[in-house]
Amino acid sequence: MEIYDPVKPDKMALLFAYTCPHCQNEVVLVSPTQAQNVTCGLCHTSFPICPIDDHVVQYVHTILGDGMAAVDPNY
Ligand SMILES: [Zn+2]
């Protein structure tokens, strides 16, 4: 059996939570940079969301090296 060293992440995603205006359920999306309608998984209400600025998403990915730079320095 092979022994592996701890693996570092080489990808990451930013999650954004939107509260359903009908039932207050949380709808979680991965960096929604386009204006769109989303459907609540609980009450099935469709509602529009404010999109996330793509520049902000790119900035966070860059400063964190797509996850590599966020690794606990003890590893
Ligand atoms: Zn809902």
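The values are calculated or read from the model by the stated rules, or taken from the named source; none is laboratory data. Because the structure is predicted, anything quoted here is derived from the model rather than measured. A quick note on method: Cβ atoms are made from the backbone with ideal geometry, for glycine too, and the neighbour counts reach across all protein chains shown.
Just give me the residues in segment 36-57 being assigned to a helix (DSSP H, G or I) and exposed (fewer than 12 other Cβ atoms within 10 Å of the Cβ), in sequence order.
Matches in segment 36-57: Asp54, His55.
How many residues, within segment 8-27, are at pLDDT 95 or above and exposed (fewer than 10 other Cβ atoms within 10 Å of the Cβ)?
Qualifying residue count for the region: 3.
From Glu26, Glu2, grab the single residue that is within 16 Å of the ligand (Cβ to nearest atom), free of Cβ contacts under 8 Å to residues at least 12 places away in the same chain, out of contact with any Asp or Glu (no Cβ under 6 Å at 6 or more places or on another chain) and among the charged types (D, E, K, R).
Criteria check complete, one pass: Glu26.
If we scan segment 37-59, do we find a residue that is more than 15 Å from the chain's Cα centre (by Cα), of a type in the set (A, V, I, L, M) and away from the ligand (no atom under 16 Å from the Cβ)?
no
Give the number of residues within segment 20-29 that are in a strand (DSSP E or B) and over 10 Å from Ile52 (Cβ atoms).
The number of residues fulfilling the criteria is 3.
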